[in-house]
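See structure below.
The values are calculated or read from the model by the stated rules, or taken from the named source; none is laboratory data. Note that the structure is predicted; figures quoted are calculated from it, not measured. All Cβ positions, glycine included, derive from the backbone under ideal geometry; neighbour counts span all protein chains shown.
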Amino acid sequence: MTMSTVSRVRRQLPLSPWLFAAPGLLVIGAFILYPFVSTLINAFTDRRTLIEGKFVGLDNFRELLHDDMFWIGLRNSTLYVVGVVPALVLLPLLLALLVQKNIPGIAFFRSAFYTPVVASIVVVGLIWVWLLDERGLVNSLLETIGVGRVGFLSDQWLLLLSAMAVTVWKGLGYYMIIYLAALANVPRELHEAAAVDGAGAVRRFLTVTVPAVRSTMVLVGALSSVAAFKVFSEVYLMAGPSGGPAGEDTTLVMLVQRTGTGLTGRVGYASAISVVVFVVTVALMLLVLRADRRDES
Amino acid sequence: MSVLEKVRPARVVSEPRVTDEHGRRVRVWELALRYALLLAVLALTVGPFLWQLSTSLKGPTEDIYTSPPRFLPSDPTFHNYERVSETIPVWDYALNSLKVATANVVTNCVGSALAGYALARLRYRGRRAATLAFILAMLVPVEGIIIAQFTTMRELGLNNTLVGVVLPGCIGAMNVLLMRNAFLNLPYEIEEAAFVDGANVWQRFVRIALPSVKGTLAVVAIFAFMGAWDDFLWPLIVLSDPSKFTLTIGLNYLHGTFANDERLVAAGTVIAVAPLIALFACLQRYFFRGVGEGAVKG
């Protein structure tokens, strides 16, 4: 094959590549990139659902500072990251180690552990609402062993904790798969050398496994913290649309949905909250990646 | 490995011949511990689904709040499934979800294959800009732009339609980039040969490139189906007319309206989750292979 053929293959009619890419570009342009730009613009207007807005400068952001609901949302979304991320970095790794070995029936266990990932968040939410109900399974088990019933869904803080537990429960299988792929690349010789040196299972985990999958742990940390900060469905389903007792369990994205939709929706104000969500999300990513680089040096 | 095993070969031989991925024998106590842990996690991950199934099969006279709890229905019945379809049009909702999910699979497979091929295999001015557009789109947090998507949809007059539910995710940027990577990994030689034989772009794409990336295409299809079938926030915002609801929104409605009868809600959730578990059980082998390969190649 001569070079001229190669370059002829690569040089196409000027139009056809764009025809191939057009549908994709059109969809992301119209429904992702354009809405993103218009969110940034709307944040500085007083636009409402049926009323074109006018430019109001930083008014929306000034109002946010005095909006109790915004601070509640910011607090809850932040707590969500703090509560969920460490569990989602560590537990799926342990789970991956458990299902890594090819013993009989392991394929069944791997897919069974993935079931919560496959199930819709609505199904998962409703299942746990029923399990954690005042008269549900968890409480009747607790009563049977003499602990007594707990108001998982009626207490403001227990409700948030329960939602976090559900998020972790649903995410386990997803991150387990990511870790499984990473573990497959850890050379076995490292483990054997450590074993010969007399290292026990815990020590080998800390000195061999963790350093080998470190970059994957950072990736999982970044993915799960961004997802946790944007939590909506779990809390919406378990606490209800108004966000639990006195709205104390509202998260930022719930606030965006509540203020921005409906006939009287304040699109401009909801966009300002969205901008806060963007900024914190990007900051979280940078923070995690930076922590990664510092550890390495 | 230890001295003990060497001096007592008879006992080692009598152990079940279970080996790990390196052909090394696994010790019995370790195996027992592993299975015990596996079963514990199994109870934790699958147990809640079984409890939901059990609740949905319990009759109206059976107490579902007993303590200690009773797992098996004393007199199993499908009555709750009939009742849930009398209460909300659950089969219409399932059909709506199926339409949305099928459309999402078709558009994502076709659209990302086309765009991925253009990004990986064709040379033209603006290719880098096009690639960058998809990367940027992948980084935009959907939760933050959902209100603007809603106003865009209203301007197009597509609010409260199933087309409106499908459109924003119908060609995912992530899928385009997945397909691009798959096409990049193919060798150029075969396409060059076809080019010499006079095949045009379209023929090379359909007959040569596409059949070689079936694995990635399958992963895109599975993700597209699950994503559309499971989605909650976007349909919740875009759909207002109950006759157009998808299954997830219908379930939320059922839960809000009939929260006092857990048997009904349980039957509804089983209807929503059973097809997906069945689909996944059939495809899990391809799925784990595809995801694993993609992740390893990075």
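Within the stretch B:165-186, the set of residues being in a helix (DSSP H, G or I), within 14 Å of B:PHE225 (Cα to Cα) and of a type outside the set (A, V, I, L, M) comprises B:GLY169, B:ASN175. Just one of the listed residues (B:SER97, B:SER112) is within 19 Å of B:ILE277 (Cβ to Cβ) and surrounded by 21 or more Cβ atoms within 10 Å (Cβ to Cβ), and it is B:SER97.
Table: residues versus (1) small (Gly, Ala, Ser); (2) over 16 Å from A:ILE72 (Cβ atoms); (3) at pLDDT 95 or above.
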{"site": "A:PRO241", "(1), (2), (3)": "no, no, no"}
{"site": "A:ASP249", "(1), (2), (3)": "no, no, yes"}
{"site": "A:LEU252", "(1), (2), (3)": "no, no, yes"}
{"site": "A:GLY265", "(1), (2), (3)": "yes, yes, no"}
{"site": "A:TYR269", "(1), (2), (3)": "no, no, yes"}
{"site": "A:ILE273", "(1), (2), (3)": "no, no, yes"}
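Scanning the stretch A:48-89 for residues that are touching a Gly at 6+ places or on another chain (Cβ under 6 Å) and surrounded by fewer than 19 Cβ atoms within 10 Å (Cβ to Cβ) returns A:THR49, A:GLY53.
Quick one: how many residues across the stretch B:228-254 are facing chain A (nearest Cβ under 9 Å), assigned to a helix (DSSP H, G or I) and closer than 20 Å to B:LEU279 by Cα? Residues in the stretch B:228-254 being facing chain A (nearest Cβ under 9 Å), assigned to a helix (DSSP H, G or I) and closer than 20 Å to B:LEU279 by Cα: 4 in total. Being β-branched (Val, Ile, Thr) and under 13 Å from B:PRO168 (Cβ atoms) is the filter; apply it to the stretch B:120-143 and report the residue that is surrounded by the fewest Cβ atoms within 10 Å (Cβ to Cβ). Ranking the qualifying residues of the stretch B:120-143, first place goes to B:VAL142. Please determine, by comparing only the residues of the stretch A:97-111 that are of a type in the set (Val, Ile, Thr) and assigned to a helix (DSSP H, G or I), which one is surrounded by the fewest Cβ atoms within 10 Å (Cβ to Cβ). The residue in question is A:ILE106.
Whenever a residue of the stretch B:210-229 is surrounded by fewer than 16 Cβ atoms within 10 Å (Cβ to Cβ), its partners that are assigned to a helix (DSSP H, G or I) and modelled with pLDDT under 85, lying with C-beta atoms within less than 8 angstrom and at least six residues away or across chains, give the pairs B:GLY215/B:TYR286; B:GLY215/B:ARG289; B:GLY215/B:GLY290; B:GLY215/B:GLU293. A:ALA199 meets each of the listed conditions (1) buried (at least 20 other Cβ atoms within 10 Å of the Cβ); (2) more than 10 Å from chain B (Cβ to nearest Cβ); (3) not acidic (Asp, Glu) apart from (1). Among the residues of the stretch A:207-249, those that are more than 20 Å from A:LEU158 (Cβ to Cβ), of a type in the set (Val, Ile, Thr), touching a residue at least 40 places away in the same chain (Cβ under 8 Å) and within 13 Å of chain B (Cβ to nearest Cβ) comprise A:VAL213, A:VAL220, A:VAL226. The numbered conditions (1) at pLDDT 90 or above; (2) surrounded by fewer than 20 Cβ atoms within 10 Å (Cβ to Cβ); (3) among the polar types (S, T, N, Q) are all true for A:SER225 except (2).
How many residues does the stretch B:218-240 hold that are more than 27 Å from A:ILE127 (Cβ to Cβ) and at pLDDT 90 or above? Looking only at that region, the number is 1.
What number of residues in the stretch A:112-137 are in a helix (DSSP H, G or I) and under 25 Å from the mean Cα position of the chain (by Cα)? Step through it out loud before you land on a result.
Start the filter on the stretch A:112-137 by keeping residues that are in a helix (DSSP H, G or I), which leaves A:112-118, A:121-131, A:137.
So of that shortlist, the ones also under 25 Å from the mean Cα position of the chain (by Cα) come out as A:112-118, A:121-131.
Selection size over the stretch A:112-137: 18.
Here is a yes/no grid of residues against (1) part of a helix (DSSP H, G or I); (2) more than 10 Å from chain B (Cβ to nearest Cβ); (3) within 24 Å of A:SER242 (Cβ to Cβ); (4) modelled with pLDDT of 95 or more:
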{"site": "A:VAL6", "(1), (2), (3), (4)": "yes, no, no, no"}
{"site": "A:LEU33", "(1), (2), (3), (4)": "yes, no, no, yes"}
{"site": "A:TRP71", "(1), (2), (3), (4)": "yes, yes, yes, yes"}
{"site": "A:LEU74", "(1), (2), (3), (4)": "yes, yes, yes, yes"}
{"site": "A:SER77", "(1), (2), (3), (4)": "yes, yes, yes, yes"}
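Report yes if B:VAL140 is more than 19 Å from B:ILE249 (Cβ to Cβ), within 10 Å of chain A (Cβ to nearest Cβ) and touching a Phe, Trp or Tyr at 6+ places or on another chain (Cβ under 8 Å), otherwise no. Yes. Would you call B:SER74 of a type in the set (Gly, Ala, Ser) and loosely packed, with under 15 Cβ neighbours inside 10 Å? Here the answer is yes, as B:SER74 does meet what is asked.
Evaluation of B:ARG83 against the conditions (1) among the basic types (Lys, Arg); (2) free of Cβ contacts under 8 Å to residues at least 24 places away in the same chain; (3) farther than 25 Å from B:ALA228 by Cα shows that the sole unmet condition is (2). Might you check whether a residue that is at the interface with chain B (Cβ under 7 Å from one of its Cβ atoms) and modelled with pLDDT under 90 occurs anywhere in the stretch A:122-131? No, there is no match, as no residue in the stretch A:122-131 is at the interface with chain B (Cβ under 7 Å from one of its Cβ atoms) and modelled with pLDDT under 90. Could you please find all residues in the stretch A:112-145 being charged (D, E, K, R) and either under 13 Å from B:TRP51 (Cβ atoms) or surrounded by 23 or more Cβ atoms within 10 Å (Cβ to Cβ) (or both)? Listed by number, the list holds a single entry, A:ASP133. Of the numbered criteria (1) farther than 25 Å from B:GLY256 by Cα; (2) in contact with an Asp or Glu (Cβ under 7 Å, 6 or more places away or on another chain); (3) at pLDDT 90 or above, the one A:GLY173 fails is (2).
Might you let me know whether the stretch B:144-155 holds any residue that is more than 7 Å from chain A (Cβ to nearest Cβ), farther than 24 Å from A:VAL280 by Cα and crowded, with 20+ Cβ neighbours inside 10 Å? Among the residues of the stretch B:144-155, at least one is more than 7 Å from chain A (Cβ to nearest Cβ), farther than 24 Å from A:VAL280 by Cα and crowded, with 20+ Cβ neighbours inside 10 Å, which makes the answer yes.
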